[in-house]
Each structure stands twice: as structure tokens, then as C-alpha cells.
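Here's the structure, in C-alpha cells; my notes come after.
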Amino acid sequence: MKKSITVIGGGIIGLSCAVKLAEAGADVVVIEKEQVGYGCSYGNAGWMTPCFSMPLPMPGMLLKSMKWMLNPSGPLYIKPVPSVLLTQWLTRFLLSMTEKKSQIAIEALVALSMKSLNDYKILAQEYPEIEMQQKGLLMVSATNEGVKAAVQELNLVEKYNVPGKILNAEQIKELEPALKGNLLGGVYFTNEAHAEPLKVVQALTKKALKLGVKILEHTEFQKANITTDGSNKKIKSILTSKGEILAEAFVLATGSWSQAIAAELNLNVPILGGKGYALIVDRLKSQPKIPIMILDRKIAITPRQDSLRIAGTLELVNQDFSITERRVKAIFDGAKEFLDIPESIKIHETWRGLRPCTPDGVPLIGWAKDYSNLMMACGHQMLGLQSGLGTGQLVSDLIVLGQSDLNRQVYDPARF
Ligand SMILES: Cc1cc2nc3c(=O)[nH]c(=O)nc-3n(C[C@H](O)[C@H](O)[C@H](O)COP(=O)(O)OP(=O)(O)OC[C@H]3O[C@@H](n4cnc5c(N)ncnc54)[C@H](O)[C@@H]3O)c2cc1C
């Protein structure tokens, strides 16, 4: 008999899990409290870039991040508010900035991202509407410190087969003539790809439906019906806004909402929202051809067919979806320093999303502590799209086969 699985959350992670589980022969239901794909997976930069497999807390980041944190327009901002969750999160964040921890995390995240990149290429053959392009990624800087950081990133991922070329200012401008300003150099990661993020979730939705997955939108998880046998807990069914759902196993893929849901289940899941913005503006006369990361401002530029996406900033919040104009302006002004953006340009959309951030910068993927049938798949910080299908594969392998080549100790949800 087919194994029945209910996935809670219809973002890139939930849909990736659903597709991979259905491909492995499971009987899958996805519940989504709103509309599939309209959480953080809606408007991200669309990058499928194994070169960005760094956890948020990296060694040597302490001074830099403290400087940023105190600047309300800086790329990383934490509003100082009294909160137990924030204090615990920050303590763990600071303790995670060690060489050893970051090396372990990078190896694991590159593996997940490489698997995902490969599987997205297969998805794009079936669903070309995801607009996936493998044009590489250009990481540039106008400071010596920034160029050094780009080369360091290359050194960290090169050993896991993520290729890149170190470029000087002239070579950068030759490769991407749309860039202006006093750039000093950077790195061109040649194998990276990008796509339209919402269309990726929608393609996975179509694929899931084709595989027989039942997708229930506007259906919110409310409570779990738990049985206890000694220290072992089992979820018998869940209560949703549309009624009770029984399943043999459940997958929690609720992004930045996971902390509150897990707390209901007596689990410690220290996920905060890393709020970021994305602006969709008119296509430029001098439109970039390649996605660009401007390191000095932490701004991600993604060319689209008829427009340009400019994304950036990380503001640590707990379920605060408000838009801070000052931070939006900082992103836009930062992009203007490096691209020819006329004053008359139209901003068509200002979007914000909460990246699900764990303090050690690594997602939780695996069986939840003390539960025999609750699989965690949350906390994908800034790389949920790039590691989506890999996460789905790992979750499916663990549930259906009991093991996976992609599994790493570092993902274990019981570490918190
Ligand atoms: C500005 C910005 C740029 C980014 N750029 C990139 C990028 O280029 N590449 C990349 O890989 N990542 C990027 N990210 C990060 C990426 O967007 C996230 O890591 C990813 O979207 C997380 O996916 P998710 O499925 O875990 O969460 P979500 O997409 O947020 O999905 C969670 C879903 O759970 C649902 N849900 C919540 N509570 C319940 C409930 N009680 N019952 C039922 N459903 C519920 C929500 O409605 C939501 O749809 C970026 C993020 C931002 C903000």
C-alpha cells in the first residue's frame, strides 16, 4: 500500500518535497494556508547558485555584521527589541561563526544545491516557462575588501566543484558592459543559473498534480492530534481550517512560520524572518545580461525578459511583514551606483519576503526530535530555491528509503 504523507506549507520546499515523494510512490497531500507559492518563494532573486552555499554566520563576520547591524540602512539590520527568541537566536548565531562549523555547512549546502541545479535543468525541459537560464553569476566589488571576499568565496566552494574565474575591472566590464562605477574586480561563477521563482513553484505544482498529489489551498494547519508512547510521540492526524487530515507521516515546510507552529508541537525551532525586498523595475536601456551580486551593498540584480529585479537587505524580524521605505531606497540607490538607471524609471512592484533563518545558517531537514512521523524541512534562509529540489529528494529518501546520500548530520533538527 502507498504511504500517505501530508506536507504542511506550499512554498518551494513544500512543493519540492511533494513532487519527490510522489515520484517515489507516496500518496501525498499538500496543505497551504493561502495560495501556493505566495510566501517567501514568490519574489526572490531566482538564483540557483551553488556558489552561495555559505551559512549566514561565517568566521570573521563578527565585526562587519556588528557595524551593519547598527546601521538601519545597512545590508543586515537587527532592530534592538527585548525578546527571548531574539536573544537566544543571536547567541547561537555568534557561537556558530567558527571555521569548522562553516566548512561542514558549506560542504552540505553545496551538495544540496548541486543536486537541485541538476534537477531544475530536468524540470526546465518539461516546463520551459520557468525561464531557467544558465548564464553564470558575476560577483563584483568596488573595494579591495570586497574583491578579497569574492575570491575567498571562490576558494571555499571551488573544492566542491563549483567553478569560477577571478576577473579584474576591465574583464568585468567586457563581460557585462551594463556595469558602471569604479569596480575593482570580482569573480565570475560560470555554472550558476537563474529562473522565475513563482513560475518554478507553479511548474512543480503542475507536476505534483500530474503525479496525483492533492493540493489544498486556503487550508491552514491549526493543531496536531498526538499520541504518546513513553518518550516517543506520533502525530495521528492534524486539524486544519477545513477539517481533519490523517496521514502516516507529516512534513513541516512552513518557512518563516515554522517557529510558532513547532512551538505548538513542543519543539524548539529557532527560526526568525530575514526580511528582504525585491523591486521590479522597467527593463533598462543598458540591461545586464548576467545576474550580478554587488558585494559592497549586498544587492542582487537579476535580468528578466521585460524588466529587472533588484533584491537585497536582511532585517531580522519575527513575523513582521511591513515595508520600510528607507531600506527599499537603500537598495535602489545602491543599484544606481553600478547600473545606468534613469530617474524616470518606474518601480512596478515592491515585494518583501521573510527568509526562514536559523541561527547557524543551516536548514532543519530530518525527523523531529521525539517524533516518529514528523519530518522537518524548514529554515532554508537565503537558499530555499537553490536547494529546493535537493531538499525534496533528501526528505523523500529519508521517509521512503530511511537513508539518503544527501543526508548530513548538520541538518539534524535535534541540534536545537
Ligand atoms: C529578497 C529575497 C531574495 C532571495 N533570493 C533567493 C535566491 O535568489 N535564491 C534562493 O535560493 N533563495 C532566495 N531567497 C530565499 C528563498 O526565497 C527562501 O529560502 C524560500 O522561499 C523559502 O521557501 P519555503 O518553502 O521554506 O518558505 P515559503 O515560500 O515562505 O513557504 C512556506 C509556506 O507555508 C505556508 N504556511 C505557513 N503557515 C501555514 C499553516 N499554518 N498552514 C498551512 N500553510 C502554512 C505559507 O503560507 C507559505 O506559503 C530570497 C529571499 C528574499 C526575501
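In table form, for the structure just shown:
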{"quantity": "Where N is the number of residues in region 1-71, Cα Rg divided by 2.2 N^0.38 Å", "calculated": "1.61"}
{"quantity": "Count of lysine pairs in region 173-285 with Cα separation under 13 Å (8 or more residues apart, or interchain)", "calculated": "4"}
{"quantity": "For region 185-294: span of alpha carbons on each principal axis (Å, largest first)", "calculated": "62, 34, 26"}
{"quantity": "Residues with amide H under 5 Å from that of Val7, placed H, sequence gap 5 or more", "calculated": "Val29, Val30, Ile31, Val251"}
{"quantity": "Largest to smallest accessible area among Phe52, Phe93 [probe 1.4 Å]", "calculated": "Phe52, Phe93"}
{"quantity": "Choice from Asn71, Asn44, Asn373 with maximal GNM fluctuation in the chain (Cα, 10 Å cutoff)", "calculated": "Asn71"}
{"quantity": "Protection proxy ranking of 143-150, 96-103 - average other beta-carbon atoms within 10 Å, highest first", "calculated": "143-150, 96-103"}
{"quantity": "Residue-normalised accessible area of the chain, expressed per residue, 1.4 Å probe, Å²", "calculated": "42"}
{"quantity": "Under the Karplus curve 6.51 cos²θ - 1.76 cosθ + 1.60, θ = phi - 60°, whole-Hz ³J(HN,Hα) for region 102-109, x wherever Gly or Pro sits", "calculated": "6, 4, 4, 5, 4, 4, 5, 6"}
{"quantity": "Residue order for Tyr160, Tyr371 - accessible surface, 1.4 angstrom probe, largest first", "calculated": "Tyr160, Tyr371"}
{"quantity": "Gaussian network model of the chain, Cα within-10 Å springs - most flexible of Gly25, Gly361, Gly379", "calculated": "Gly25"}
{"quantity": "Accessible area in the full protein assembly, largest first, 1.4 Å probe, for Lys210, Lys173, Lys336, Lys289", "calculated": "Lys210, Lys289, Lys173, Lys336"}
{"quantity": "In Å, descending, principal axis extents of the Cα set of the chain", "calculated": "65, 46, 41"}
{"quantity": "Accessible area of region 134-260 belonging to carbon and sulfur atoms, whole % at 1.4 Å probe", "calculated": "49"}
{"quantity": "Quarter of the Cα convex hull surface for region 230-306, i.e. its orientation-mean projected area (nm²)", "calculated": "9.8"}
{"quantity": "Quarter of the Cα convex hull surface for region 286-341, i.e. its orientation-mean projected area (nm²)", "calculated": "4.6"}
{"quantity": "Span per principal axis, largest first, for the Cα atoms of region 207-249 (Å)", "calculated": "41, 22, 10"}
{"quantity": "Sum of -39500 (n - 2.57) over DSSP H runs of 4+, divided by residues of the chain (222 nm, nearest 500)", "calculated": "-9500 deg cm²/dmol"}
{"quantity": "Net charge of neighbours whose Cβ lies under 12 Å from the Cβ of Lys3, counting Lys and Arg as +1 and Asp and Glu as -1", "calculated": "-1"}
{"quantity": "Region 356-416 - convex hull of alpha carbons, volume per residue in Å³", "calculated": "76"}
{"quantity": "Local electrostatic count at Thr190 - Lys and Arg +1, Asp and Glu -1, tallied over other residues with Cβ under 10 Å", "calculated": "+1"}
{"quantity": "For Lys148, net neighbour charge (Lys/Arg +1, Asp/Glu -1) across residues whose Cβ lies under 14 Å away", "calculated": "-2"}
{"quantity": "Value of relative contact order over region 233-356, rounded to a whole percent, pairs C-alpha under 8 Å and six or more apart", "calculated": "30"}
{"quantity": "Percent antiparallel among DSSP beta bridges (both partners in the chain, rounded to 5)", "calculated": "70"}
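The values are calculated or read from the model by the stated rules, or taken from the named source; none is laboratory data. Please read all numbers here as calculations on a predicted model, not as lab measurements. Backbone-built Cβ (ideal geometry, glycine too); neighbour counts: all protein chains shown. The protein model used for the area step is the full one, side chains on, heavy atoms only, and it has no ligands, DNA or RNA in it. Shrake-Rupley method; radii C 1.70, N 1.55, O 1.52, S 1.80 Å.
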